[in-house]
Amino acid sequence: MSSKKDWFTDWFNTKYYHILYQHRDDYEAQVFMTNLVKYLEIPKGNSILDLACGKGRHSIFLNSLEYKVTGADLSINSIKHASESKNESLDFIVQDMRLPFPVKVDAVFNLFTSFGYFADDTEDIRVIENIKNSLNKNGVAVIDYLNVQKTIENLIPNETIFLDDIEFQISKEVKNDFIIKKIEFTVEGKYHNYYERVKCLTLERFEKIISAAGLKIKNTFGDYNLHSYDRENSNRLILIIAE
Ligand SMILES: C[S@@+](CC[C@H](N)C(=O)[O-])C[C@H]1O[C@@H](n2cnc3c(N)ncnc32)[C@H](O)[C@@H]1O
């Protein structure tokens, strides 16, 4: 399975990931979660697993809506940070999504492109199986992924982004079934380079992976306001999944 050298173990555990993605903020999480729980009609008091929760921006807000929430993530630093918000109905755990989850819940949310990292499709199927096994009867799962078609069509090969006094050089390409984003910067004279790699998973490919794990896609949305998914124009591919 994983080795310590997996890119997602390193990059997401750095402070630089959080600097680069600071626009993916609490407000965005709150809009999306408000719309999602309303659409799903999840009763207050139900339990939700925020799978790959990062620093917990969705978990913390869901908990404020009176859900029992467990946030799970591979990044030790992110879980340490999120754990500062723990309470009796909000827990955070270090968890690799490829291993069975230690909780049973009414809903599993996998948010903001926290899927499609693994080279082998059988690992993606295993993640969905883990989700299935952690769901209570009539449970629901949600995967919020990027819209691969639109992302590829609009790919900016090279750009420079200045954030918190850091000049990030970003380059992107599509190679061997993955969208690869290379991130380079220098801090206090030290050169850093990381990359992100997410699989070109279209709706059709998701259907195969999800049905191989024994679940089905019940609905799709194309953004955080839950407009319909449109392959040409949507920014996101949001999947509503159940038995
Ligand atoms: C793009 S971030 C999204 C974080 C969070 N959902 C958010 O919206 O802020 C992806 C997250 O997936 C986590 N992750 C990567 N590989 C993982 C794995 N194998 N198991 C669990 N979490 C993983 C990373 O540590 C990171 O926090």
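The values are calculated or read from the model by the stated rules, or taken from the named source; none is laboratory data. The shown structure was predicted, so the numbers you read here are calculated from the model rather than taken from an experiment. Positions of Cβ are generated from backbone atoms using ideal geometry, with glycine treated the same way; all protein chains shown enter the neighbour counts. The protein model used for the area step is the full one, side chains on, heavy atoms only, and it has no ligands, DNA or RNA in it. Shrake-Rupley method; radii C 1.70, N 1.55, O 1.52, S 1.80 Å.
Under a 1.4 Å probe, what is the accessible area of segment 24-85 per residue, stated in Å²?
Working: 2840 Å² over 62 residues.
Heavy-atom SASA per residue in segment 24-85 reads 46 Å².
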For segment 165-181 and segment 227-243, compute the distance between their C-alpha centroids and round to whole Å. 24
In Å², what does the accessible area per residue of segment 151-197 work out to with a 1.4 Å probe? 68
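Which loop trypsin sites (Lys or Arg not before Pro) in segment 1-87, with loop taken from DSSP, have no more than 12 other Cβ atoms within 10 angstrom of their Cβ?
Passing both the DSSP loop test and the Cβ count: Lys4, Lys5, Lys44.
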Those aspartates and glutamates that a straight Cα-Cα span of less than 15 Å connects to Lys182, excepting residues fewer than 8 apart in one chain: Asp6, Asp10, Glu159, Glu167, Glu173, Glu196
Count the DSSP beta bridges whose two residues both fall in the chain, then state the antiparallel fraction as a percent rounded to the nearest 5. 65
Given a 10 angstrom Cα cut-off, can you work out which residue in Asp177, Asp73, Asp165 is the most mobile in a GNM of the chain? Asp165
Which three extents, in whole angstrom, do the alpha-carbon atoms of segment 1-122 cover along their principal axes, largest first? 40, 31, 26
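Give me the number: length gained by fully extending Asp230 to Lys182, i.e. 0.36 nm times residue separation minus the C-alpha to C-alpha distance, one decimal in nm. Numbers along the way, then the final one.
On the way: separation 48, 0.36 × 48 = 17.28 nm, distance 2.77 nm.
Computed gain between Asp230 and Lys182 is 14.5 nm.
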Under a 10 Å cutoff between Cα atoms, tell me which one of Ile143, Ile42, Ile161 has the largest fluctuation in the Gaussian network model of the chain. Ile161
Give me the one-decimal Kirkwood hydrodynamic radius in Å for segment 151-197, with the sum taken over alpha-carbon pairs. 11.5
Projected convex hull area of the chain, Cα atoms, direction-averaged, in nm², equals 12.8
Choice from Gly189, Gly56, Gly222 showing the highest fluctuation, given a GNM over the chain with Cα pairs closer than 10 Å: Gly189
Given H placed 1.01 Å from N in the peptide plane, which residues other than close sequence neighbours of Leu90 have an amide H under 5 Å from its amide H? Val69
I'd like the FRET efficiency for Lys175 and Val103, computed as 1/(1 + (r/R0)^6) with the beta carbon distance as r and R0 of 41 Å, rounded to 0.05. 0.65
Near the amide H of Phe178, under 5 Å away, which other amide H atoms are found, from residues 5 or more places off or on another chain, if H is placed in the peptide plane? Cys200
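By how many nm would the segment from Lys5 to Lys216 grow when fully extended, if each residue of separation counts as 0.36 nm and the alpha-carbon distance is taken off? Please list the in-between numbers first.
Details: separation 211, 0.36 × 211 = 75.96 nm, distance 3.30 nm.
Between Lys5 and Lys216, full extension yields 72.7 nm more.
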Anything over 22 Å Cα to Cα? Flag those among Lys172/Lys218; Lys38/Lys68; Lys15/Lys150; Lys44/Lys137; Lys38/Lys218, in the order listed. Lys172/Lys218; Lys15/Lys150
Could you please state how large a percent of the accessible area of the chain is carbon and sulfur, counting protein chains only and using a 1.4 Å probe? 49
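For the chain, what is the calculated [θ] at 222 nm in deg cm²/dmol (nearest 500), taking -39500 (n - 2.57) for each run of four or more DSSP H residues and dividing by its residue count?
Working: 8 runs with 71 residues, N = 243.
Computed mean residue ellipticity for the chain: -8000 deg cm²/dmol.
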